[in-house]
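Novice: Shown below is the structure under consideration.
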């Protein structure tokens, strides 16, 4: 099982990632997430969606094992417009990330694909760490992250490559709130029920307007002169297929 689905009071659907030990993102998971998001979109009884992890991880990011055995493939196109993270991001209904464990690299992008992010206090890290790892962010993943982050912290988060504790993650806009672990679930379900009670067409309309510039950039990227650099950096992905440093 990649994702456990359960329905709760107020029309809230919970998607729990179950890919032990680290809830890493592989091709099969992205397909499962795409299906789960599309099913939630089509089900009128579903008013809002919460995404969470299991164990010590929300998600540790891309499945390095798959990349080593199969090459970068679709994992190097995260957020491109066809995968599950993009589908979750474009879900017209309210989405909330319930973060109770590490959310790193692609796992942080998955978290940022949700409208709101609420984390518990704890000894775990949250961050877009690709720069520090020497890996290029796919255009889709980059635009989803840039859309979610406050402008004043975009450079620090996207170029700095740091992993933050929950309180510092809140301070730079990676998460919206940090609450005690024992109240995390209640807070997320309360917010989901509140947002889900709004007329869904209005919510989706405002959401799509907000996403407009980022979505345009995903489908029609501007040439930023990154071609030579991207060719060089894609070698970092290729190194993973021979056991290189992730």
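Bear in mind these aren't lab numbers, they're just calculated from the coordinates by the rules spelled out. None of the values given here were measured: they were computed from a predicted structure. Every residue, glycine among them, receives a Cβ derived from its backbone with ideal geometry; neighbour counts consider all protein chains shown.
Novice: What spacing in nm lies between the two simple spin-label points modelled at residue 80 and residue 123, each 7 Å away from Cα in the Cβ direction?
Specialist: Once both label points are built, they end up 4.0 nm from each other.
Novice: For residue 177 and residue 132, FRET efficiency with R0 = 25 Å and r from the beta-carbon atoms, rounded to 0.05?
Specialist: Working: r = 26 Å, r/R0 = 1.04.
Using R0 = 25 Å, I get an efficiency of 0.45.
Novice: Arranged from highest to lowest average of other beta-carbon atoms within 10 Å per residue, in what order do the peptides 41-54, 79-92 appear?
Specialist: Details: 41-54: 18.9, 79-92: 21.4.
By packing density, highest mean first, the sequence is 79-92, 41-54.
Novice: Taking only C-alpha pairs under 8 Å that are 6+ residues apart, what is the relative contact order of the stretch 3-182 in percent? The partial results should precede the final answer.
Specialist: Working: 383 pairs, mean separation 36.1, N = 180.
Result for the stretch 3-182 is 20 percent.
Novice: Let me ask something additional. For the stretch 119-223, just say rounded, prolate or oblate: build the C-alpha gyration tensor, square-root its eigenvalues into a ≥ b ≥ c, call rounded for a/c under 1.5, and beyond that prolate if a/b exceeds b/c, oblate if not. Provide the component values of the computation, followed by the final result.
Specialist: On the way: a/c = 2.70, a/b = 1.08, b/c = 2.49.
Because a/c hits 1.5 or more and a/b fails to exceed b/c, the stretch 119-223 counts as oblate.
Novice: Is the shape of the stretch 178-218 rounded, prolate or oblate, going by the alpha carbon gyration tensor and its root eigenvalues a ≥ b ≥ c, with a/c under 1.5 for rounded and a/b larger than b/c for prolate? Intermediate results must be reported in sequence, preceding the final value.
Specialist: Values: a/c = 5.47, a/b = 1.77, b/c = 3.10.
Oblate.
Novice: Picking from 22, 36, 197, which is most flexible by a Gaussian network model of the chain using Cα springs under 10 Å?
Specialist: Result for the chain, Cα springs under 10 Å: 197 fluctuates most.
Novice: Which log10 I(q)/I(0) values does the stretch 45-173 give at q = 0.15, 0.16, 0.18 Å⁻¹ under the Debye formula, counting every alpha carbon as one identical point scatterer?
Specialist: -0.66, -0.76, -0.97
Novice: Residue 194 to residue 31: extension gain in nm, 0.36 nm per residue of separation minus the Cα-Cα distance?
Specialist: On the way: separation 163, 0.36 × 163 = 58.68 nm, distance 2.90 nm.
The span from residue 194 to residue 31 would gain 55.8 nm if fully extended.
Novice: Which angle from 0 to 90°, rounded to the nearest 10, does the C-alpha axis of helix 139-148 make with the longest principal axis of the chain?
Specialist: 40
Novice: Same structure, new question: Any idea what angle helix 200-219 forms with the longest principal axis of the chain, computed on alpha-carbon atoms, 0 to 90 degrees, nearest 10?
Specialist: Roughly 0 degrees, rounded to the nearest 10.
Novice: Related question: In what sequence, highest mean first, do 158-171, 198-211, 114-127 appear when ranked by Cβ atoms within 10 angstrom?
Specialist: On the way: 158-171: 17.4, 198-211: 13.4, 114-127: 21.4.
The packing order, highest mean first, is 114-127, 158-171, 198-211.
Novice: So, one more: Can you match mean projected area of the Cα convex hull in nm² to one of these, (1) 12.3; (2) 13.1; (3) 16.9, based on a calculation from the structure here?
Specialist: It is the one labelled (1).
Novice: Taking neighbour counts of Cβ atoms within 10 Å as a proxy for exposure, in what order, fewest first, do 179, 157 appear? Could the numbers behind the result be given before it?
Specialist: On the way: 179 16, 157 25.
With the fewest neighbours first, 179, 157 line up as 179, 157.
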